[in-house]
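Just so it is clear, none of the values below were taken in a lab; they were calculated from the coordinates. No experiment lies behind these values; they were computed from the predicted model shown. We place every Cβ from the backbone using ideal geometry, glycine too, and count neighbours over all the protein chains shown.
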Amino acid sequence: MPGGAPRFAVPGRIAVSEQAESVWRTATLTEIRPETPHAATFRLAVPGWAGHLPGQHLMLRLTAEDGYTAQRHYSIASAPDGSGHIELTLDRVPDGEVSGWFHTVARPGDTFEVRGPLSGFFAWPGDRPALLLGAGSGVVPLMSMIRHHRARGLDVPLRMLVSARGPGELIYSAELGAETTPVFTRSAPTGTPVGRMTAAHLAPLMAERPPGGWEAYVCGSNGFAEHVSRLLVRAGQPVDRIRIERFG
């Protein structure tokens, strides 16, 4: 999509196209929660939402009154709960047309369209030990898995390594628990090393791998995905048990 200011500039004026296929559903924004200076969670009410598996994403479509549309894929942050509500956590991308609209214009009550859930490849239904590795907003689909694990009281092993520039940029920082190890690349609390994710971060998790091993889920930029995938393979993770979702 072209850069520059969002063309969706008037709250409440996003309309559902009459030509939309039946798989598109009208979503209503009900809540906005800041997560970091550059990321926020947007809670949506979606009547008729069929539910999703942790790790899946959806297609979101904005339609302006002049018929102009923009579509983006976004990971679902919330655990499946049957409430008819889902949550998306969006970074504000510089010159991002859709993310810019959400961060600067969108207000509760605004409507748009969603289609999904999409992609079963990256989904984790909670039936196997999972090792989650994310960077930046790559933590979003992984958080859906963690929330699902907690909500269902699952005892299947689940661990996460998540990379962020600093503590203030760590999305969901107040919600992360003992299953999560943060890695800070630019700034960190006193006594905490600073730098990219390394084999040393991964080694303790590979040492405690459960019988049958981990299913690894990697989400982040192309560079992060390539780097972490190499670390996993060198640590003995089977290639066919590494699932990757990239963005950028």
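Could you give the length gained on full extension between Glu208 and Val239, defined as 0.36 nm per residue of separation minus the Cα-Cα distance, in nm? Kindly include the intermediate steps, with their values, before the conclusion.
Values: separation 31, 0.36 × 31 = 11.16 nm, distance 1.87 nm.
Between Glu208 and Val239, full extension yields 9.3 nm more.
Would you mind putting 196-204, 225-233, 138-146 in packing order, based on average other-beta-carbon counts within 10 Å, highest first?
Numbers: 196-204: 14.7, 225-233: 18.4, 138-146: 27.0.
For the peptides 196-204, 225-233, 138-146, the packing ranking is 138-146, 225-233, 196-204.
Contour minus end-to-end for Thr104 and His73, with contour as 0.36 nm per residue of separation and end-to-end as the Cα-Cα distance? Numbers along the way, then the final one.
On the way: separation 31, 0.36 × 31 = 11.16 nm, distance 1.92 nm.
Difference between extended and current length: 9.2 nm.
Note on the chain: antiparallel DSSP beta bridges, both residues inside, total approximately 55 percent of the bridges counted. A dipole drawn for the stretch 25-117 from +1 and -1 charges on Cβ atoms has a positive end, and of Gln71, Ser99, Thr26 the residue lying farthest that way is Thr26.
Rounded to whole Å, give me the distance from the Cα center of the stretch 92-107 to that of the stretch 111-188. So the two Cα centres are separated by 23 Å. Inter-part distance, the stretch 53-83 to the stretch 192-206, computed on C-alpha centroids, equals 33 Å.
How big is the equivalent ellipsoid of the stretch 130-247 along its three axes, where each semi-axis is √(5λ) from the Cα gyration tensor, reported in whole Å from largest to smallest?
On the way: eigenvalues 80, 62, 38 Å².
Each semi-axis is √(5λ); the values are 20, 18, 14 Å.
Which loop GluC sites (Glu not before Pro) in the stretch 144-201, with loop taken from DSSP, have no more than 16 other Cβ atoms within 10 angstrom of their Cβ?
On the way: sites: Glu169, Glu175, Glu179; in loops: Glu175, Glu179.
Sites meeting the loop and neighbour criteria: Glu175, Glu179.
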